[in-house]
Amino acid sequence: MALKDVKPTRSELIGLKRKIKLSERGYNILKMKRDGLILEFFKVLEEAKNSRGSLQERYNRAVEMIAIANTFEGAIGVKAAAMSVKETPEITLKQKNIMGVVVPEIESSRVRKGLRERGYGLLGTSAVIDETATAFEELVEEIIKAAEIETTMKRLLNEIEHTKRRVNALEFKVIPELTEASTFIKMRLDEMEREELFRLKKIKAKSQKAEA
Amino acid sequence: MEIAVVGNSDFILGFRLAGIKRTYAANRDEKFVEHITTILGSDDIGILVLKGSDMERLSPRLRTTLEESVRPTVIAIGGEEGGLSMRERIKRSVGVDLWK
């Protein structure tokens, strides 16, 4: 709000005071929200670090195993085994609310399967296929864990950034400008009052002179 | 709910071995975007798995949608997770490099 747009009236001053009060209240609440979000973020940070590392490790292992399986069994052999797997891992996706940030909460059914549950024939395939399937089952288990943690982290970080921006805007832009405008009106009103007093004194002096 | 995997045929093959049925092979970029859009619209998919390098090829707008999405929750694996790394995000949001 530029100072030239401010009308130096008492009603404007009252309105500005109300706005300042509201902005300060909003600022305090947002500051508390930001601190709360950072605390929540610290809770998931350690988990996220570990999960990214172990996810990468398991992915590398799985890629390595499928390359070996392709070499041993041939691409068609691996594909045939893959197509015969029947049991699908089921997950339940719920949504959790952390200070207004919606984050996922994932639960899953058993991902790892026994040899006989996989669906492909044991005689027609080699142990490499079993090991590859195990490696991928472990990877899927880790993905389910990491998906929840990483999305929570990303959303929390976005919200922290937004809240921080709002807090800073209120602290360094909105509240100082409103305060400046209110000070300007106060000074202008005082000035007008002094002018009025001076004018009255002048009139009084003139009328006294005329009477004499 | 199920898990879906989108990527080239080599990437999705292993996931089929782990029992994931909703695998979508996409060797061209247009096909890839098409599959992702379909998955984003379906209610029965809880997690969408992509390859980090594929994620990087997506348009920034779609990437942001995927990163923000909760249902389905999207995860990129292998290499960088695509877009801003977690380290960069933390630095930008908190102001300190806590990813050490």
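Numerical summary
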{"read-out": "When residues of the range B:16-34 are limited to those that are away from chain A (no Cβ under 11 Å) and surrounded by fewer than 17 Cβ atoms within 10 Å (Cβ to Cβ), the one nearest to A:Thr134 (Cα to Cα)", "value": "B:Ala25"}
{"read-out": "Test: B:Gly52 is within 14 Å of chain A (Cβ to nearest Cβ) and among the small types (Gly, Ala, Ser)", "value": "yes"}
{"read-out": "The lone exception for A:Tyr59 - which of (1) hydroxyl-bearing (Ser, Thr, Tyr); (2) touching a residue at least 24 places away in the same chain (Cβ under 8 Å); (3) loosely packed, with under 15 Cβ neighbours inside 10 Å it fails", "value": "(3)"}
{"read-out": "Unique match (being part of a helix (DSSP H, G or I), surrounded by fewer than 18 Cβ atoms within 10 Å (Cβ to Cβ) and at pLDDT 85 or above) among A:Arg166, A:Arg155", "value": "A:Arg166"}
{"read-out": "Matching option when the condition is among the aliphatic types (A, V, I, L, M), loosely packed, with under 15 Cβ neighbours inside 10 Å and modelled with pLDDT of 90 or more, among A:Ile29, A:Ile20", "value": "A:Ile29"}
{"read-out": "Condition check for B:Gly46: buried (at least 21 other Cβ atoms within 10 Å of the Cβ), free of Cβ contacts under 8 Å to residues at least 12 places away in the same chain and at the interface with chain A (Cβ under 10 Å from one of its Cβ atoms)", "value": "no"}
{"read-out": "Pick from the range A:53-97, criterion within 21 Å of the chain's Cα centre (by Cα) and more than 7 Å from chain B (Cβ to nearest Cβ), ranking: nearest to A:Thr163 (Cα to Cα)", "value": "A:Asn97"}
{"read-out": "Pairs where the first residue, in the range B:54-69, is free of Cβ contacts under 8 Å to residues at least 60 places away in the same chain and the second is of a type in the set (Phe, Trp, Tyr) and surrounded by 14 or more Cβ atoms within 10 Å (Cβ to Cβ), C-beta under 9 Å, 6+ apart", "value": "B:Asp54/B:Phe11; B:Asp54/B:Phe32; B:Arg57/B:Phe32; B:Leu58/B:Phe32"}
{"read-out": "Filter pass, B:Leu13 being surrounded by 13 or more Cβ atoms within 10 Å (Cβ to Cβ) and under 23 Å from A:Thr152 (Cβ atoms)", "value": "no"}
{"read-out": "Hits in the range A:63-102 - residues which are in a loop (DSSP other than H, G, I, E, B), touching a helix residue (DSSP H, G or I) at 6+ places or on another chain (Cβ under 8 Å) and more than 30 Å from A:Arg34 (Cα to Cα)", "value": "A:Val85, A:Glu87, A:Pro89"}
{"read-out": "Scope the range A:51-76; condition more than 16 Å from B:Asp10 (Cα to Cα) and of a type in the set (S, T, N, Q); matching residues", "value": "A:Ser51, A:Ser54, A:Gln56"}
{"read-out": "Test: residue in the range A:37-50 that is part of a helix (DSSP H, G or I), in contact with a Ser or Thr (Cβ under 6 Å, 6 or more places away or on another chain) and not small (Gly, Ala, Ser)", "value": "yes"}
{"read-out": "Of all residues in the range B:59-97 being more than 21 Å from B:Ile20 (Cβ to Cβ) and among the hydrophobic types (A, V, I, L, M, F, W, C), the one that is modelled with the lowest pLDDT", "value": "B:Leu84"}
{"read-out": "Given (1) within 14 Å of chain B (Cβ to nearest Cβ); (2) free of Cβ contacts under 8 Å to residues at least 12 places away in the same chain, index of the condition A:Arg194 fails", "value": "(1)"}
{"read-out": "The one condition in (1) at pLDDT below 85; (2) within 14 Å of another protein chain (Cβ to nearest Cβ); (3) on the phi < 0 side of the Ramachandran plot that A:Gly119 fails to fulfil", "value": "(3)"}
{"read-out": "Failed condition for A:Gln95, given (1) in contact with a Lys or Arg (Cβ under 9 Å, 6 or more places away or on another chain); (2) surrounded by 15 or more Cβ atoms within 10 Å (Cβ to Cβ)", "value": "(2)"}
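Results for (1) modelled with pLDDT of 85 or more; (2) under 30 Å from A:Asp130 (Cα atoms), shown as yes or no for each residue.
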{"residue": "A:Ile38", "(1), (2)": "yes, no"}
{"residue": "A:Lys43", "(1), (2)": "yes, no"}
{"residue": "A:Gly53", "(1), (2)": "no, yes"}
{"residue": "A:Tyr59", "(1), (2)": "yes, yes"}
{"residue": "A:Val63", "(1), (2)": "yes, yes"}
{"residue": "A:Leu93", "(1), (2)": "no, yes"}
{"residue": "A:Lys96", "(1), (2)": "yes, no"}
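The values are calculated or read from the model by the stated rules, or taken from the named source; none is laboratory data. If you're wondering where the values come from, they're calculated on a predicted model, not measured in any experiment. Cβ: placed from backbone, ideal geometry, glycine included. Neighbour counts: every protein chain shown.
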